[in-house]
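So the structure is just underneath, and the comments pick up after that.
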Amino acid sequence: MNYDFSEEAEKLFEAIRSIAATAPAEEDLAGATVDTISAALREMLKTLAGAGYLQDGLAGDASESAVNQMAAMETLAGQARSLFLAVEMSTRVLGRALARWGTGATQEQWREGLLQGQWIGALALSEEAMNVQNDPLATVGSRKDGRVVVSGGKHYVINAPLADKIGVVGLLDDRPAIFMLDAGTEGLSISEPVPTMGYDGIRMADVTLDACVLPEENVLLPPEGTPVLDLLRQWENEVLMAAALGMMQAAFAEARDFAKSHRSGGKPVIAYQEVGFKLSEMLTLYQTAQLLAYRAVWTLKDQPKEGAALIWCAKVFATEAAERVAGDALRILAGQGYRAGSASESAYRAAKWTQIGGISTEIARVRIGDQALGYAPGR
Ligand SMILES: Cc1cc2nc3c(=O)[nH]c(=O)nc-3n(C[C@H](O)[C@H](O)[C@H](O)COP(=O)(O)OP(=O)(O)OC[C@H]3O[C@@H](n4cnc5c(N)ncnc54)[C@H](O)[C@@H]3O)c2cc1C
């Protein structure tokens, strides 16, 4: 594994930093309307598409570019926490599904629209509880007169209140399918945005489909035998891992800069040994999580079975480390950190979600154990 980034990769990181620097601050998005958030997200999608970020890594490139992509995602996540998640659900998850499994002109149009940043997308997967892991999907389509009629309900869908396009995961002909719905489709209803503990700038909602009628070309039907649900979860895991790395990057930088500049008792607080120890522990956790994340995506490209298990390990480690690093940063920042608007305060709240979303920490631990004992099918 080569740890050096090419000049081209460094240029992309720099471009992402400049784009993220122009995005509204997390605290400004907190109370913003859906329209304001939609405008900020559309602007970011457009500029990221121009920089080549949205299309990166979706074509099953080499291992090296998987590491570049993880580092690029971490760069964006470190500076624009909520917009990063909204961008990724639109492109790296829904856009990726279309890039991987799309066929025909309608699906090509969707893929292009999402990956060129023209549209906001959402992926509606979760139903009641962790049912993707625990129960069969209850969202089901049936064929009627050359069309498909779909009914079902989904919870906690990021971007749902602002999305132009929603990919709803369900069953057709007893196999997993993604039903592609335009925002105004008859029978599709979106709840009011669900208030959340963290990620102040995302807007998510519940989605209900009441006999929505779609042309057949609006159904993405991956080849039989494809582990669709596991792959979608895996892509979410990659996003949430990058989100956790971004949180650690931001919280560490904030605490380090504060420790050097803030004086207490006549000296900068970095001079207190316990503050230095905390920073060194935070940096160790951050860098270990980063290396494990890079190794996981690197391995995944050539060894899917080993890579999938490494992604679970890396996701559990990074998301738990993010809570710890943000928590330690808050201890160093003290009163300054506890005020709304601190990067560490927002990271501390957001970190909790990264442990729940994708594969949850609990389910991941069970799967990692199964894999180690040789019980697991691989994904
Ligand atoms: C902020 C946020 C954004 C989200 N965005 C999206 C989105 O864009 N699209 C989408 O489709 N979904 C999204 N979700 C849903 C998310 O991915 C989870 O699927 C959902 O939150 C889990 O359901 P639950 O909260 O009811 O947990 P429950 O299933 O009720 O789990 C409760 C507890 O039991 C544990 N548990 C459950 N099953 C097992 C098992 N088999 N083995 C071991 N432990 C288990 C869990 O780990 C957890 O600790 C989002 C959720 C949140 C909070």
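The values are calculated or read from the model by the stated rules, or taken from the named source; none is laboratory data. This structure is a prediction, so every number in the text was calculated from the model and none was measured. FYI the Cβ positions are ideal-geometry reconstructions off the backbone, even for glycines, and counts take in every protein chain you see.
Listed here are the residues, each with its yes/no results for (1) over 21 Å from the mean Cα position of the chain (by Cα); (2) more than 16 Å from the ligand (Cβ to nearest atom); (3) surrounded by fewer than 24 Cβ atoms within 10 Å (Cβ to Cβ).
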| residue | (1), (2), (3) |
| --- | --- |
| Leu300 | no, yes, yes |
| Pro304 | no, yes, yes |
| Ala318 | no, yes, no |
| Gly335 | yes, yes, yes |
| Ser360 | no, no, yes |
(message) Return the pair list, or none, for Cβ contacts closer than 7 Å from residues in the stretch 77-103 that are under 25 Å from Gln290 (Cα atoms) to residues that are modelled with pLDDT of 95 or more and of a type in the set (S, T, N, Q), at least 6 apart or on different chains.
(response) Gly78/Gln249; Arg81/Ser346; Ala86/Asn159; Met89/Asn159; Ser90/Asn159
(request) Please work out if Gly102 is at pLDDT 95 or above, crowded, with 17+ Cβ neighbours inside 10 Å and under 21 Å from Gln234 (Cβ atoms). (result) yes
(message) If a residue counts only when it is touching a Cys at 6+ places or on another chain (Cβ under 9 Å) and without any contact (Cβ under 8 Å) to a residue 60 or more places away in the chain, which helices (runs of 4 or more DSSP H) contained entirely in the stretch 283-379 have at least 1 such residues?
(response) 361-373
(request) Filter the stretch 224-266 down to residues that are within 20 Å of Arg367 (Cβ to Cβ) and within 16 Å of the ligand (Cβ to nearest atom), then give me how many there are. (result) 15
(message) Only one of Ala243, Ala340, Ala314, Ala334 is modelled with pLDDT under 95 and closer than 30 Å to Thr196 by Cβ. Can you tell me which?
(response) Ala340
